[in-house]
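Notes for the one structure printed next.
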């Protein structure tokens, strides 16, 4: 039964009386379509004694109330259509001009019931190169039958997403000019070609981030007002072209030259970004939201640096990102100059303010933005999720479960499987490659540590009613269970 306000599509079936079995199949097929709310018109049901068969066929093909026409194609139908013989030949003469006159090209579709000895579908010549639906194989019948139903109801599987707004970074008033001015392309090309000068060029490129990041510093006048969160989000959006260029460079390093020298250059780059996460040393006054744009930008870059290393399985380099500390002399606390990786994940109050002000009712605006901004990076979001998970897991060893809140894991599929690297770690050989990144010496140590985490509910991130399933994401019961 169709919905109260929906009109059932009217559909005519054109076919040949090839054999009794074929006729029976068509009748059953038509009945299945009627059960899907489709008003099927079939000669065996609607053509009565005394009716003109040719007039009936022509009416069904040209009638504007008949919105869909199916051509059931087998060898006999194709040959009679091409030879203009029998009922199928007559229908071919009627259908051909209608088929080519249809601008939308969605009224007619061939449903293939039979293929030739080479596996090629039997189709009338007039059908040309149009897409058809294949019901010739029992193995794919259910899926292809759904295609028929969706076509009849104009409800295809694949539809284009809604068109979004013009990206903020294309605004003519963008803060930092054209990203092409950064010049990373020549460095990436040098890495791809194995140039000995690649490391020096990368060091020069990443060695002076101030030329870029200072342009995104928010002036004191910008942080005054009720809608400061708009200013932060706009600032972060305008950084996208520069973020993409850094991600491209990270990817080139991970893919072509993940040498200790280049990994060290990226390490120093992130050290130089730490001051942007905190008030300037010469600031006479400041608020707790002044650096929120940098909190997001630097945290996102750090996630992608780890994600690119994971994508290309550079686990030794990824381990150094976590194990090596980062130098920063804050001058406010001169006794603290070396810091672990959690320094790159700071709470940014503006995003919570935004959610409350706009009544968005979102669990995490920051997580939403990280997910939405993943498009066009060339790095599957699954790697970003895995990077966030590893940072969280390693941070738990500092006995401060809030030192790295895994923002993106809000998007982990509750019903999905483990991260790829842990699924592969079912192999003992593969586990040997990742164990240092996870921070353990053997499987027994990993199992004992996970058990300790699970015993303390406060150590497991939770969003509303969903708690992070560490054992599932790590496939911990299967790790190193095969050679």
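The values are calculated or read from the model by the stated rules, or taken from the named source; none is laboratory data. These numbers come from a predicted model, not from an experiment. Using ideal geometry, Cβ is built from the backbone for each residue, glycine included, and neighbour counts are taken over all protein chains shown.
Pairs linking a residue in region 299-316 that is in contact (Cβ under 8 Å) with a residue 24 or more places away in the chain and assigned by TED's automatic domain parsing to the domain that holds residue 419 to a residue that is buried (at least 22 other Cβ atoms within 10 Å of the Cβ) and part of a helix (DSSP H, G or I), with Cβ atoms under 7 Å and 6 or more positions apart or on different chains, do not occur.
The rows are residues; the columns are (1) surrounded by fewer than 17 Cβ atoms within 10 Å (Cβ to Cβ); (2) in a loop (DSSP other than H, G, I, E, B); (3) touching a residue at least 24 places away in the same chain (Cβ under 8 Å); (4) in the same structural domain as residue 367 (by TED's automatic domain parsing).
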{"residue": "394", "(1), (2), (3), (4)": "no, no, yes, no"}
{"residue": "405", "(1), (2), (3), (4)": "no, yes, yes, no"}
{"residue": "409", "(1), (2), (3), (4)": "no, no, yes, no"}
{"residue": "417", "(1), (2), (3), (4)": "yes, yes, yes, no"}
{"residue": "421", "(1), (2), (3), (4)": "no, no, yes, no"}
{"residue": "429", "(1), (2), (3), (4)": "yes, no, yes, no"}
{"residue": "479", "(1), (2), (3), (4)": "no, yes, yes, no"}
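Is it the case that residue 437 is buried (at least 22 other Cβ atoms within 10 Å of the Cβ), part of a helix (DSSP H, G or I) and free of Cβ contacts under 8 Å to residues at least 40 places away in the same chain?
It is false that residue 437 is buried (at least 22 other Cβ atoms within 10 Å of the Cβ), part of a helix (DSSP H, G or I) and free of Cβ contacts under 8 Å to residues at least 40 places away in the same chain.
Return yes or no: is residue 69 buried (at least 17 other Cβ atoms within 10 Å of the Cβ) and under 19 Å from residue 154 (Cβ atoms)? Give the derivation first.
On the way: buried (at least 17 other Cβ atoms within 10 Å of the Cβ): yes; under 19 Å from residue 154 (Cβ atoms): yes.
Spelling it out, residue 69 is indeed buried (at least 17 other Cβ atoms within 10 Å of the Cβ) and under 19 Å from residue 154 (Cβ atoms).
Check whether at least one residue in region 260-275 is more than 26 Å from residue 437 (Cα to Cα), assigned to a helix (DSSP H, G or I), over 25 Å from the mean Cα position of the chain (by Cα) and touching a residue at least 40 places away in the same chain (Cβ under 8 Å), and report yes or no. Yes; the residues of region 260-275 include at least one that is more than 26 Å from residue 437 (Cα to Cα), assigned to a helix (DSSP H, G or I), over 25 Å from the mean Cα position of the chain (by Cα) and touching a residue at least 40 places away in the same chain (Cβ under 8 Å).
For the subset of region 79-106 comprising residues that are surrounded by fewer than 17 Cβ atoms within 10 Å (Cβ to Cβ) and within 21 Å of residue 9 (Cβ to Cβ), which member is modelled with the highest pLDDT? If we take residues in region 79-106 being surrounded by fewer than 17 Cβ atoms within 10 Å (Cβ to Cβ) and within 21 Å of residue 9 (Cβ to Cβ), then 106 is modelled with the highest pLDDT. Within region 25-59, being farther than 22 Å from residue 114 by Cα and part of a helix (DSSP H, G or I) holds for 34, 45, 46, 53, 54, 55, 56, 57, 58, 59. Residue 357 falls short on exactly one of the conditions (1) closer than 30 Å to residue 287 by Cα; (2) buried (at least 19 other Cβ atoms within 10 Å of the Cβ), and that condition is (2).
Give region 142-160 a look and list any residue that's more than 22 Å from residue 7 (Cα to Cα) and touching a strand residue (DSSP E or B) at 6+ places or on another chain (Cβ under 9 Å), or say none. Working first, answer last.
Of region 142-160, the ones more than 22 Å from residue 7 (Cα to Cα) are 142-144, 158, 160.
Selection gives 144 alone.
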